[in-house]
1. Can you bin the chain into rounded, prolate or oblate? Criterion: square roots of the alpha carbon gyration tensor eigenvalues sorted a ≥ b ≥ c, rounded for a/c under 1.5, prolate for a/b above b/c, oblate for the rest.
2. Most fluctuating residue of T145, T128, T108 in a GNM of the chain with Cα springs under 10 Å: which is it?
3. As an exercise, use a Förster radius of 30 Å and the Cβ-Cβ distance of S150 and Q45 to find the FRET efficiency, rounded to the nearest 0.05.
4. Going by how many other beta carbons lie within 10 Å of each one, how would you line up E75, E165, E153, fewest first?
5. Which value at 222 nm does the chain reach when only helices count, each DSSP H run of 4 or more adding -39,500 (n - 2.57), with the total divided by all residues and rounded to the nearest 500 deg cm²/dmol?
6. Evaluate the distance, in nm, between pseudo-label points positioned 7 Å from the Cα of K121 and of E82 along their respective Cα→Cβ axes.
7. Through the Karplus equation 6.51 cos²θ - 1.76 cosθ + 1.60, θ set to phi - 60°, convert the phi angles of the range 13-30 into ³J(HN,Hα) values in whole Hz; use x for Gly and Pro.
8. Please compute the contact order of the chain in relative form: average sequence separation of alpha-carbon pairs under 8 Å and at least six residues apart, divided by the residue count, as a percent.
Amino acid sequence: GRLYLNKVFHMSASRMFDLLFTESAFIRRFMTVRKITNPSFVAWQKDPSGDMKRSLNYTITISNPLIGKFSTATEYQTLYKESLEGQSYLVDSEVYTHDVPYHDYFYTQNRYYIKSHTKRKCRLKVYTDVKYKKQPWGLVKSFITKNSWSGIEDYFRQLEAELLEEEAEINQGAAEV
Ligand code: YK8
């Protein structure tokens, strides 16, 4: 896997979890900025193992003219039962892009780790891996990997920027009180 984000933010761990993993105004705005449209969220539910699961469907906009303009996608998220509310949260997210070439060969696995530092600080780490369900031809594989890394890098760079803006707003509000 690759580490795409590793940063301390001035907000509580539970606030970070809410921003990223509930139907928050933040994530809705971020999706709009990324041209991720028609999102539909299924609420978190406990599965028999004790982990929490939910899924999301949306349409992504792709800038690469060789691939096509849009693709539907499904994201399956697992919040592991080892997570401790307010303290640490571990979420795995598998993203399947249904309408891109070779979509039946691969998916993306994102691992989000939120850890509380102090009452008002937390660290967010995001690891990403491109996973293969079938082994493609070597050239195809490098094509998939290359296109995936660049798209993912772009996404998390912007997520970090938007989180920093949100952090500034949160702390500005706190300073006025
Ligand atoms: C999630 C990884 C790959 C995919 C895309 C596939 C091209 C395939 C190339 C062919 C379009 C929101 C990405 C970037 C779409 C967006 C996905 C997002 C950013 C020719 C082989 C969607 C996080 C996420 C994970 C994986 C990203 C896809 O929350 O290049």
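None of the figures in this text is laboratory data; all of them are computed from the coordinates on show. It should be emphasised that the depicted structure is a prediction, and the values quoted were computed from it without experimental measurement. Quick reminder, even Gly has a Cβ in these numbers, built from the backbone with ideal geometry, and neighbours come from all protein chains shown.
1. On the way: a/c = 1.88, a/b = 1.57, b/c = 1.20.
Here the chain falls in the prolate category.
2. Judging by the Gaussian network model, the answer is T145.
3. Numbers: r = 34 Å, r/R0 = 1.13.
Step by step, r from the Cβ atoms, then E = 0.30.
4. Values: E75 19, E165 10, E153 13.
Starting with the residue having the fewest Cβ neighbours, the order is E165, E153, E75.
5. Values: 3 runs with 57 residues, N = 177.
Mean residue ellipticity at 222 nm (helix-derived): -11000 deg cm²/dmol.
6. The two pseudo-label positions are separated by 2.5 nm.
7. For the range 13-30, the Karplus curve yields 4, 5, 5, 4, 4, 4, 4, 8, 10, 10, 7, 6, 4, 4, 5, 5, 5, 4 Hz.
8. Values: 314 pairs, mean separation 43.9, N = 177.
Computed value for the chain: 25 percent relative contact order.
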